[in-house]
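Colleague: Once you've had a glance at the structure underneath, I'll fire off some questions.
The values are calculated or read from the model by the stated rules, or taken from the named source; none is laboratory data. Being a predicted model, the structure only gives us computed values, none of them experimental. A quick note on method: Cβ atoms are made from the backbone with ideal geometry, for glycine too, and the neighbour counts reach across all protein chains shown. Heavy atoms of the whole protein, side chains included, go into the accessibility calculation; ligands, DNA and RNA do not. Shrake-Rupley method; radii C 1.70, N 1.55, O 1.52, S 1.80 Å.
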Amino acid sequence: GEGGEGGEGEGGGGGVAEQRRLAAAFVRACRVARALNAVRAPEVGLLLTRLQYGALGPERVVRTLLARHAHLLAARLCELLGLSEMKVAVVHHWGKAKIGGAAASLSDEALLAALAPKLDATAGASHARLAAEALAVGRRGLAARLLEKEEDATRRVPLLLQMGEERLALTSAVAHGDA
């Protein structure tokens, strides 16, 4: 009698919340399983157990993929696991690798055409960060074009000054009033 009623009361009140919690845990477990399957693929070769993955954490696994220049897989894992800040790091790492590894014969316009869509599609990604890399490897034209697309004047102005573009830096700082 009372045991049954108590069970019904718990099932009615906490049951829905408990089911949602279990469903969310199940979804997380499925995502981790998908991530582990992806990194265990022969072409990646990161043979992690679930316990090792738990000890490392998803961010460290993504950093390992970046060290191996597995940018696409790293970006997909970030999306799968909801790691938006890490996705920004992945896009920046990919962009720096793209700029640093680009053949001298590849035009700045072609490189910009490859970089811009990924930067534009990633919330929080900085064009200025890749502009600094472009400047460091002697691609001043690419750096200038990337800076044109940078919305944050506090990121844009210091690089413009470094490039000797004082007038443009001043105009940008005054226009945005925050640099």
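Colleague: Can you tell me how many residues in the range 69-81 are open to solvent by 60 Å² or more (accessible area, probe 1.4 Å) and outside any helix (DSSP H, G or I)?
Modeller: 1
Colleague: Restricting to the range 41-60, what's the tally of residues that are among the aliphatic types (A, V, I, L, M), assigned to a loop (DSSP other than H, G, I, E, B) and open to solvent by 70 Å² or more (accessible area, probe 1.4 Å)?
Modeller: So the answer is 1.
Colleague: Every residue in the range 127-147 that is farther than 16 Å from Ala114 by Cα and assigned to a helix (DSSP H, G or I), please.
Modeller: Ala132, Leu135, Ala136, Arg140, listed by residue number.
Colleague: Can you list residue pairs whose Cβ atoms sit under 6 Å apart, with the first residue in the range 123-138 being over 17 Å from Ala102 (Cα atoms) and open to solvent by 10 Å² or more (accessible area, probe 1.4 Å) and the second being β-branched (Val, Ile, Thr) and part of a helix (DSSP H, G or I)? Count only pairs 6 or more apart in sequence or on different chains.
Modeller: Filtered contacts from the range 123-138: Gly124/Val88; Ala125/Val88; Ala125/Val91.
Colleague: Say we look at the range 83-122 and pick out the residues that are closer than 22 Å to Glu59 by Cα and of a type in the set (S, T, N, Q); which of these is most open to solvent (accessible area, probe 1.4 Å)?
Modeller: Ranking the candidates gives Ser84 first.
Colleague: Can you name every residue in the range 152-176 that is assigned to a loop (DSSP other than H, G, I, E, B) and without any contact (Cβ under 8 Å) to a residue 24 or more places away in the chain?
Modeller: Listed by number, the residues that qualify are Gly164, Glu165.
Colleague: Oh, and also: Quick check on my filter: what residues within the range 82-116 are part of a helix (DSSP H, G or I) and polar (S, T, N, Q)?
Modeller: The one that is part of a helix (DSSP H, G or I) and polar (S, T, N, Q): Ser84.
Colleague: Looking at (1) over 15 Å from Leu146 (Cα atoms); (2) more than 11 Å from the chain's Cα centre (by Cα), which is the only condition Glu79 fails?
Modeller: Every listed condition holds for Glu79 apart from (2).
Colleague: All but one of (1) crowded, with 18+ Cβ neighbours inside 10 Å; (2) in a loop (DSSP other than H, G, I, E, B) hold for Leu65; state the number of the condition that does not hold.
Modeller: Looking at each condition in turn, Leu65 falls short on (2).
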